[in-house]
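Read through the structure below, which is laid out as structure tokens, and then see the notes.
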Amino acid sequence: NDYVMLEADRGLDCGRIVSICKLDNYKILLNRLDKNLNNKELHPKLIYKKMPIIELKYLERKKELEIIALKDCKLKVIQFGLNMSIINCEYQFDMNKLTFFFESDYKIDFRELVKELYKIFKVRIWMCAVEKSKTHYLKELLQ
């Protein structure tokens, strides 16, 4: 259950090691979970180092900032009258990217929302659609 610093989308992130397995076993597991994976290539993330305890305290502050960001984004969605539900959000550990997870029955043009969120948070904003049938998995993962 060690925390590690790992490669992320154009930056660094923090993750927790919950188990160790061989790549072949990992592929078998993923194939069971998603039969469409056959055409995709796996790219395990590079682990840079074990996180020092002092840096783990930073996770508490990150969580506080995520709560604020979630509230602000929900208010902006209402302000812009967008037909979407913001489920959760997550800062990348290096605080260079903020991902908002949402669900909607319709295609959403959220370009103005993203511009407004960028003005507020001054980081790269990423909107990630979540299938309604999989929302409960996301909520479990992000808690």
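Every read-out reported here was derived from the displayed coordinates using simple, explicitly stated rules and does not represent laboratory data. The structure displayed is predicted, hence computed values, not measured ones. Here the Cβ is made from the backbone with ideal geometry for all residues, glycine too, and neighbour counts use every protein chain on show.
Peptides 21-27, 114-120 ranked from most to least packed give 114-120, 21-27, packing being the mean of other C-beta atoms within 10 angstrom over each peptide's residues.
Amide H to amide H distances under 5 Å link residue 8 with 13, where only residues 5 or more positions off or on other chains count and H is placed in the peptide plane.
Here residue 27 is the anchor, and the aspartates and glutamates within straight C-alpha reach of less than 14 Å, apart from those fewer than 8 places off in the same chain, are 41. The protection proxy used here, the mean number of other Cβ atoms lying within 10 Å of each residue, ranks peptides 52-63, 78-89 as follows, highest first: 78-89, 52-63. For residue 129, nonlocal amide neighbours, meaning residues 5 or more places apart or on other chains whose placed amide H falls under 5 Å from its own, are 102.
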